[in-house]
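To keep things clear, I will list the structure first and then write my remarks on it.
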């Protein structure tokens, strides 16, 4: 599974990335890679217009807010 | 555990918590003044007639009042805005012509959840989906200018007619400024990568519609949670400006003689609005920091048009947003943007001074 955090490096994107890592650790998922997408043109290609964005296997799950670790875990579970 | 994590999971649980929270808010707001009276004058024994004691009282009372108002306004608007996404707004604006498009963009700019930190992806997203640049700029101008905090605070401080005038003026500036900039043929001043998106407008709209679906899947509990997160985030950002604003307001209130402002920024000074905007544009603050100043200055006889122009210039144009937008807009366009919006604000200031005099 490929998880992408979209955002240009603002505080919210850093928080979302931390929540994703926490969620992965809590759900015991080891076969996931977490990537950061910081280039504006790349972010725009996902069709989202507010950062941060959470993309799991090329599906946009969240944009414009920071879900906490528990919610991220739920979102990842439902996307599997 | 934070408050957000402690929220009950069920609908009735959320309802019960909401009732208690609303009661606590109303209680705190109505007891605010008496509570500080009691603490400072009765318990600590300060003399209410001394300048320092009344300034301290004003500082504590006003900070509490504005913090409570902010909490209420941000939460309600935050929850309401979970029903709208910027991606859906783009789908509405796609294919709209200039003119009608500018009017719609300004209106949607007010309603759509938007943080200036997303100004760049929003700009790319709109322009990439074929929304004209002038229409996109109307959205970007209206969003901070007519924000819920400025309007809510003006309403509680000066009544609904002033708040409505502010909204009407802000929307007019956003519509006209976006239209004027669009007419100037500003495409040449936009960074080329924005105009050559990697995906087609149709593709973008498809992903946008999918992303818009995210909003409709939220549970009531999640909406409340998002509202609370919004409160925490915005209060965490604005509190230093609020404290400085209330402190300056208190100093103006207690120490600066009334004839000082009457002489320098009163109705008879033709340059009052210009001076207010010249101070407001570079001043990096926000509505929460500006309102205590505006209230104190209104008390000292500074006319309303001048004050609304000051408020608008503080919230509409900010250096950090300009630095972000520099990634997609070249300097001449940033300059034109600042100039056109400033001229609009100045015009509104003089117009309101003339109407309200």
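The values are calculated or read from the model by the stated rules, or taken from the named source; none is laboratory data. Only a predicted model underlies this, so the values are computations on that prediction, with no experimental measurement involved. We place every Cβ from the backbone using ideal geometry, glycine too, and count neighbours over all the protein chains shown.
General remarks:
- If you go through the stretch B:124-166 and pick out every residue that is under 20 Å from residue B:101 (Cβ atoms) and more than 14 Å from chain A (Cβ to nearest Cβ), you end up with 11.
- When the test is whether a residue is within 14 Å of chain A (Cβ to nearest Cβ) and in contact with a helix residue (DSSP H, G or I) (Cβ under 8 Å, 6 or more places away or on another chain), residue B:103 does not pass it.
- Residue, farthest from the other protein chains (Cβ to nearest Cβ), within the stretch A:49-65, restricted to residues that are surrounded by fewer than 24 Cβ atoms within 10 Å (Cβ to Cβ) and in a strand (DSSP E or B): A:56
- Which listed residue is at the interface with another protein chain (Cβ under 7 Å from one of its Cβ atoms) and outside any strand (DSSP E or B), from A:44, A:70: A:44
- In the set (1) within 19 Å of the chain's Cα centre (by Cα); (2) crowded, with 16+ Cβ neighbours inside 10 Å, residue B:298 fails one condition alone, (1).
- Filter result (in contact with a strand residue (DSSP E or B) (Cβ under 9 Å, 6 or more places away or on another chain) and under 18 Å from residue B:327 (Cα atoms)) within the stretch A:9-44: A:9, A:37, A:38, A:42, A:43
- Within the option set B:288, B:247, being surrounded by fewer than 20 Cβ atoms within 10 Å (Cβ to Cβ), in contact with a helix residue (DSSP H, G or I) (Cβ under 7 Å, 6 or more places away or on another chain) and either free of Cβ contacts under 8 Å to residues at least 40 places away in the same chain or assigned to a helix (DSSP H, G or I) (or both) holds for one residue only, B:247.
- Flag if residue B:114 is within 14 Å of chain A (Cβ to nearest Cβ) and either part of a helix (DSSP H, G or I) or modelled with pLDDT of 90 or more (or both): no
- Between B:244, B:273, the distinction of being over 21 Å from residue B:149 (Cα atoms), under 26 Å from the mean Cα position of the chain (by Cα) and modelled with pLDDT of 90 or more belongs to B:273 only.
- Hits in the stretch B:210-233 - residues which are modelled with pLDDT under 80, assigned to a helix (DSSP H, G or I) and out of contact with any helix residue (DSSP H, G or I) (no Cβ under 7 Å at 6 or more places or on another chain): B:210, B:213, B:214, B:216
- Here residue B:40 clears all of (1) crowded, with 16+ Cβ neighbours inside 10 Å; (2) under 24 Å from the mean Cα position of the chain (by Cα) except the condition numbered (2).
One line per residue, one yes/no per condition, for (1) buried (at least 19 other Cβ atoms within 10 Å of the Cβ); (2) in a helix (DSSP H, G or I); (3) more than 21 Å from the chain's Cα centre (by Cα); (4) at pLDDT 85 or above:
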| residue | (1), (2), (3), (4) |
| --- | --- |
| B:74 | yes, yes, no, yes |
| B:80 | no, yes, no, yes |
| B:89 | yes, yes, no, yes |
| B:92 | no, yes, yes, yes |
| B:96 | no, no, yes, no |
| B:102 | yes, yes, no, yes |
| B:106 | yes, yes, no, yes |
| B:124 | yes, yes, yes, yes |
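- Check on residue A:78, part of a loop (DSSP other than H, G, I, E, B) and on the phi < 0 side of the Ramachandran plot: no
- Filter result for residue A:39 (at pLDDT below 85, within 13 Å of chain B (Cβ to nearest Cβ) and out of contact with any helix residue (DSSP H, G or I) (no Cβ under 7 Å at 6 or more places or on another chain)): no
- Residue within the stretch A:12-32 that is within 10 Å of another protein chain (Cβ to nearest Cβ), more than 9 Å from the chain's Cα centre (by Cα), part of a helix (DSSP H, G or I) and farther than 15 Å from residue B:226 by Cβ present: no
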